[in-house]
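**Student:** Pasting a structure below so you can have a look.
No value in this document is a laboratory result; all are computed from the given coordinates. Here the structure is a predicted model, which is why all the values come from computation and not from measurement. Please note: Cβ atoms are built from the backbone with ideal geometry, for glycine as well, and neighbour counts cover all protein chains shown.
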Amino acid sequence: MSTMTDNQSGPMLAADGTPLKVSLARALRRQKIRAFLLIVPLLAFILISFIAPIGDMLFRSVENGIVPETMPRTVVALEDWDETSGEAPSEAVFAAFYEDMKVAMEEKTHTKLGSRLNYDTAGIASLFRKLRKPMGNIDETQPIKPQFIDAEEDWGDPEVWQTIKRLSGYYTSSYFLSAVDMESTHDGIQMKDDFERIYLTLLWRTMVLSVAITVSCILLGYPIAFLLANLPLRTSNILMILVLLPFWTSLLVRTSSWIVLLQQEGVINDTLVSLGILDDQGRLELMYNQVGTIVAMTHILLPFMILPLYSVMKTISPSYVRAAKSLGANDWTAFWKVYFPNSVPGIGAGAVLVFILAIGYYITPELVGGTSGIFISNRIAYHISSSLNWGLAAALGVMLLALILVFYWLYDRIVGIDNVKLG
Amino acid sequence: MERDDYIVRFENVQKSYDGEILVVKNFNIDIERGEFLTMLGPSGSGKTTCLMMLAGFEPATHGEIYLNGQPINNVPPHKRGIGMVFQNYALFPHMTVAENLAFPLKVRGLSRADCDAKVKRALEMVRLPQMGGRRPAQLSGGQQQRVAVARALVFEPELVLMDEPLGALDKNLREEMQFEIKHIHETLGVSVVYVTHDQSEALTMSNRIAVFDDGIVQQLAAPEVLYEQPENAFVASFIGENNRLMGTVTALNGSTAQVKLDGGGETVGALAIKCGGVGERTQLSIRPERVVIGQDDADNKLSGKVVELIYLGDHIRCRMQVGTSEEFVVKVPNSHAHAALKVGEVTPIGWATDDCRALDVLEA
């Protein structure tokens, strides 16, 4: 054991002379490999089914390969064109465009290209759909530009070519600009016209409604969680089933039952009318607006507030409140100065959970939100399934994700994520 | 005046939680001003319930509790002005030590300067002057305990309740804290009602001890009286170690009784404390340290067979068979003159009649 003598400097050595750290790592390697093998199936599943598709989707928010790939010659020729001149580009550009489109029409990619360009400048899609008309009658021995403009005068509009030039790169910021109601023109980046703005309003509304839902969940959930945490176990278990019941009921069923209750011919309005509180003409508009969204989503997300609150309140020893009272605090002071501060981690956890769930909610606002109560996620769904503008959908999704991360960061700074207790 | 003598009076107090079982049966006690009174008893004996009724957290089902001569059954806890130390200290985790101590002062509307001065003095009293800025979680158990005591005393209550405050500490710390609390009690002259199930704690600290069992005070007396003159078999067995011998009373002669032991047939003399008349069963109680070995000048002489010897340094613990009991323990002091004992040997033992008490028979 000469290696273990006291005057030895340098790393500790194991009995056989190898450094102790190496020896320890070797001993632990088998364990580590086994632990890794155990998580491999889940890891692979998550990678394939979750991380990869989301990554691909998010990448679409900047990806713009279709323009340079479908019209390589035009893109090169347009480099020499001064887009601020206010005139259509030169004959060379039209010639290159003609060559590109011959290929594109054979491959039938020209309408896709048109749709892509149409996201930035409305009307271009129809130009490309009707491309067969100018292309079919071109005399290749003559200059192409006048023939094009004669057949379809919109091809002489510099705005069309400005759009093409702007989008000629493999990557674009245009989806993100659209997502914040901005556009890039030859004068630079600027806000869209008032009547075209939609996403910032929608984003703001999503946040405001989510905050409203979170606050109403706190206000409604806190007393219930308090009751549950302080009742004898038998009673609280029965009540807990009532809290969990919504979890076991389909989201659609719950939302639909709110429709039954809230609609103008619904239970609440009928009752108020039959009691004479409202007259038949003055029925309340309780749904297809923000009220409907807030009411239904508060109900649906309430368990996510109650459960973390309950589990935190369970850990608050009743002796704290007793101690406060024995020290001279009345019921309210004992609650406010002692019980409430200790329940804040539960409020924090519940609020984060409810807010993050609310900000990305889709089904309920879709069903009861009407036009004024829909969320940004409904717009994302529209672009995914109806307008097929996946790039914009992806950009909106990235923004939503970034927003949640910002809130998470803010929350960590203000409350401290260590203070969050989920159970 | 009664008001000056007693700080707390329980009058015929009963408590039931479910309306079927009385947890506290007819509790009467007068607690003197400046007294350190301990409620001692096994768990479920009703001692904590009595403390909670005094603090105001549990209403009395029947009877009246007086504080300074005023009935307090309808006074809420925060208006009783009683300091309390809880079992697990109940220090507020979200406040620093100083904020914890300032809490009772702030709710009483004291000025900031007064608060600071009193908090500082309280921290010095429990020898933690540097700890004001720490959180309770950053303190050791003993330190938390001292803060809890300081918090219960900082608003200068006349009465402090302590509910098994040392239960969570290890043995050495517990003994240290016993003396510290005792010392604080003596310095401040505050009245203390202390609840514990640890009899040595009760014996060390108290002026008087109320021994609880089954919702009834079995005996209320000073520690030395409780130990040396237990009034019934429960107290005798609960306080300290005790040898029990069963027998039948054969004669009563003033304050002494002649008792015929079971099995062996020997008759011994004992003080008649609670043994009933001639012919009734009785339990004799003798402290292990009052039994002498190998001497023949004792009032009562018997013989015992040594079953087990345990060497404990200052004394030797000798378990013997005496009559029908195999659990008869004698503490033999480790002195030059101590008897040389061997396992299996039969040796003469004896005790003074005054050290042997004839008590009731415990149903067990």
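**Student:** Ordered by packing density, taken as the mean number of other Cβ atoms within 10 Å over each peptide's residues, highest first, how do B:208-214, B:221-227, A:149-155 rank?
**Tutor:** B:208-214, B:221-227, A:149-155
**Student:** Next question, about the same structure. Rounded, prolate or oblate for segment A:109-224? Axes are the square roots of the Cα gyration tensor eigenvalues, ordered a ≥ b ≥ c, and the cut-off for rounded is a/c under 1.5. The partial results should precede the final answer.
**Tutor:** Working: a/c = 4.15, a/b = 3.26, b/c = 1.27.
Cα axes put segment A:109-224 in the prolate bin.
**Student:** A further question on this structure: State, to one decimal in nm, how far the label point of A:Val267 lies from the label point of A:Arg26, with both points 7 Å from Cα in the Cβ direction.
**Tutor:** Between A:Val267 and A:Arg26, the simple spin-label model gives 7.2 nm.
**Student:** Check each of the GluC sites (Glu not before Pro) in segment B:1-71 and keep only those in coil by DSSP with at most 12 other C-beta atoms within 10 angstrom; list them in order.
**Tutor:** Listed in order of number, the matching sites are B:Glu20.
**Student:** Assign unit charges at the C-beta atoms only (+1 for Lys and Arg, -1 for Asp and Glu), then state the dipole size of the protein assembly as shown relative to its Cα centre in Debye, rounded to the nearest 20.
**Tutor:** Using only the charged Cβ atoms, the result is roughly 1260 debye.
**Student:** Another one. Which whole-number percentage describes the relative contact order of chain B, with Cα contacts under 8 Å and a sequence gap of 6 or more?
**Tutor:** 15 percent
**Student:** Here is a follow-up. How big is the dipole moment of segment A:66-170 about its Cα centre under a simple scheme where the beta carbon of each Lys and Arg is +1, that of each Asp and Glu is -1, and everything else is neutral? Debye, nearest 20, please.
**Tutor:** On the way: 12 positive and 20 negative charges, 115 e Å.
The calculated dipole for segment A:66-170 is roughly 560 debye.
**Student:** Let me ask you something else. For segment B:2-233, just run the numbers: alpha carbon Rg, then divide by 2.2 N^0.38 Å, N being how many residues it has.
**Tutor:** Taking N as the residue count of segment B:2-233, the ratio is 1.01.
**Student:** Would you list B:Val249, B:Val97 from fewest to most Cβ contacts within 10 Å?
**Tutor:** B:Val249, B:Val97
**Student:** Hey, got the average number of other protein chain Cβ atoms within 10 angstrom for residues in B:106-116?
**Tutor:** Mean shielding by partner chains, rounded to a whole number: 2.
**Student:** Tally Lys/Arg at +1 and Asp/Glu at -1 over every other residue whose Cβ is under 11 Å from the Cβ of A:Phe97; what's the total?
**Tutor:** After counting each charged neighbour, the total is 0.
**Student:** Relative contact order (percent) for segment B:119-205, with alpha-carbon contacts under 8 angstrom and 6 or more residues of separation?
**Tutor:** 28 percent.
**Student:** Rounded to whole Å and sorted largest first, what semi-axes of the equivalent ellipsoid does the C-alpha gyration tensor of segment A:199-419 yield via the square root of 5 times each eigenvalue?
**Tutor:** 35, 25, 15
**Student:** Select from A:Ser126, A:Leu113, B:Pro348 the residue farthest towards the positive end of the dipole of the protein assembly as shown; place +1 on Cβ of Lys and Arg, -1 on Cβ of Asp and Glu, and compute about the Cα centre.
**Tutor:** So the residue we want is B:Pro348.
**Student:** Mind sorting A:Thr141, B:Thr38, A:Thr235 by how few other Cβ atoms lie within 10 Å of their own Cβ, fewest first?
**Tutor:** Working: A:Thr141 5, B:Thr38 26, A:Thr235 11.
With the sparsest Cβ surroundings first, the list reads A:Thr141, A:Thr235, B:Thr38.
**Student:** Please work out the Cα convex hull volume for chain A and give it in Å³ per residue.
**Tutor:** 317 Å³
**Student:** Enumerate the amide H contacts of A:Ile138 below 5 Å, restricted to partners 5 or more residues apart or on another chain; note that Pro and chain-start residues carry no placed amide H.
**Tutor:** Correct list: empty.
**Student:** To continue, here is another question. Compute the projected area of the convex hull of the Cα atoms of segment B:242-359, averaged over all viewing directions, and report it in nm² to one decimal place.
**Tutor:** If you wrap the Cα atoms of segment B:242-359 in a convex hull and average its projections, you get 6.8 nm².
**Student:** Which stretch or stretches of segment B:227-265 have amide N atoms under 16 Å from the point lying 7 Å from B:Ser303's Cα along the Cα→Cβ direction?
**Tutor:** Counting only backbone N, you get B:264-265.
**Student:** Take A:Ile356, A:Ile39 and order them by how many other Cβ atoms sit within 10 Å, fewest up front.
**Tutor:** A:Ile39, A:Ile356
**Student:** Pop the C-beta distance of A:Gln190 and A:Asn237 into the FRET formula with R0 = 56 Å and round what comes out to the nearest 0.05.
**Tutor:** 0.40
**Student:** Describe numerically, in nm with one decimal, the distance between label points set 7 Å from Cα along Cα→Cβ at B:His62 and at A:Ala402.
**Tutor:** With each label point 7 Å from Cα toward Cβ, the separation is 7.6 nm.
**Student:** So what's the projected area for the protein assembly as shown, the Cα convex hull averaged over all directions, in nm²?
**Tutor:** So the Cα hull casts an average projection of 62.5 nm².
**Student:** Let me ask another. Farthest toward the dipole's positive end in segment B:242-359, which of B:Cys275, B:Val306, B:Ile293, given Cβ charges of +1 (Lys, Arg) and -1 (Asp, Glu) about the Cα centre?
**Tutor:** Farthest towards the positive end: B:Cys275.
**Student:** Calculate, for B:Asn74 and B:Glu176, the FRET efficiency according to 1/(1 + (r/R0)^6) with r their C-beta to C-beta distance and R0 41 Å; round to the nearest 0.05.
**Tutor:** With R0 = 41 Å, the Cβ-Cβ based efficiency is 0.50.
**Student:** A further question follows. Could you list, in their original order, any pairs among A:Lys337/B:Lys118; B:Lys305/B:Lys331; B:Lys25/B:Lys79; B:Lys260/B:Lys301 whose Cα atoms are separated by more than 18 Å?
**Tutor:** Violating the 18 Å limit, Cα to Cα: A:Lys337/B:Lys118; B:Lys25/B:Lys79.
**Student:** Most mobile of B:Ala113, B:Ala148, B:Ala90 per a Gaussian network model of chain B (Cα springs, under 10 Å)?
**Tutor:** With Cα springs under 10 Å in chain B, the top fluctuation among B:Ala113, B:Ala148, B:Ala90 is at B:Ala113.
**Student:** Which net charge results when you count Lys and Arg as +1 and Asp and Glu as -1 among the other residues whose beta-carbon is under 14 Å from that of B:Leu271?
**Tutor:** -2
**Student:** Continuing with the same structure: Nearest 20 debye, what's the magnitude of the dipole of segment A:199-419 about its Cα centre given +1 on Lys and Arg Cβ and -1 on Asp and Glu Cβ? Before the final figure, lay out the partial values.
**Tutor:** Working: 10 positive and 9 negative charges, 149 e Å.
Taking the Cα centre of segment A:199-419 as origin, the dipole is about 720 debye.
**Student:** In a solvent-free Debye calculation with one equal scatterer on each Cα, what is log10 I(q)/I(0) for segment A:38-186 at q = 0.11, 0.19 Å⁻¹, listed in the order of the q values?
**Tutor:** One equal scatterer on each Cα of segment A:38-186 leads to -0.48, -1.16.
**Student:** Report, as an integer, the average count of C-beta atoms from other chains found within 10 Å of each Cβ along A:312-323.
**Tutor:** Counting Cβ atoms of other protein chains within 10 Å of each residue's Cβ and averaging gives 4.
**Student:** Excluding same-chain residues fewer than 8 positions from A:Lys165, which lysines have a Cα within less than 30 Å of its Cα?
**Tutor:** Cross-link targets: A:Lys102, A:Lys108, A:Lys112, A:Lys130, A:Lys133, A:Lys145, A:Lys192.
**Student:** For Cα pairs less than 8 Å apart in space and 6+ apart in sequence, what is the mean separation divided by the residue count of segment A:199-419, i.e. the relative contact order in percent?
**Tutor:** Working: 236 pairs, mean separation 59.4, N = 221.
Worked out over segment A:199-419, it gives 27 percent.
**Student:** While we're on this one: Quantify how strongly other chains surround peptide B:45-57 by giving the mean number of their Cβ atoms within 10 Å of each of its Cβ atoms. Write down the numbers at each step before the final one.
**Tutor:** Values: counts 0, 0, 0, 0, 0, 0, 0, 1, 0, 0, 3, 3, 6.
Counting Cβ atoms of other protein chains within 10 Å of each residue's Cβ and averaging gives 1.
**Student:** Another question, then. Taking amide H positions as placed in the peptide plane 1.01 Å from N, state which residues far from B:Val24 in sequence (5 or more) or on other chains have amide H under 5 Å from it.
**Tutor:** Under 5 Å from the amide H of B:Val24: B:Lys15.
**Student:** What number comes out for the charge environment of A:Phe36, summing +1 per Lys or Arg and -1 per Asp or Glu over other residues with Cβ under 15 Å away?
**Tutor:** My count for the surroundings of A:Phe36 gives +4.
**Student:** Something else now. If r is the Cβ-Cβ distance from A:Arg413 to A:Val344 and R0 is 22 Å, what FRET efficiency results, to the nearest 0.05?
**Tutor:** Calculated transfer efficiency: 0.90.
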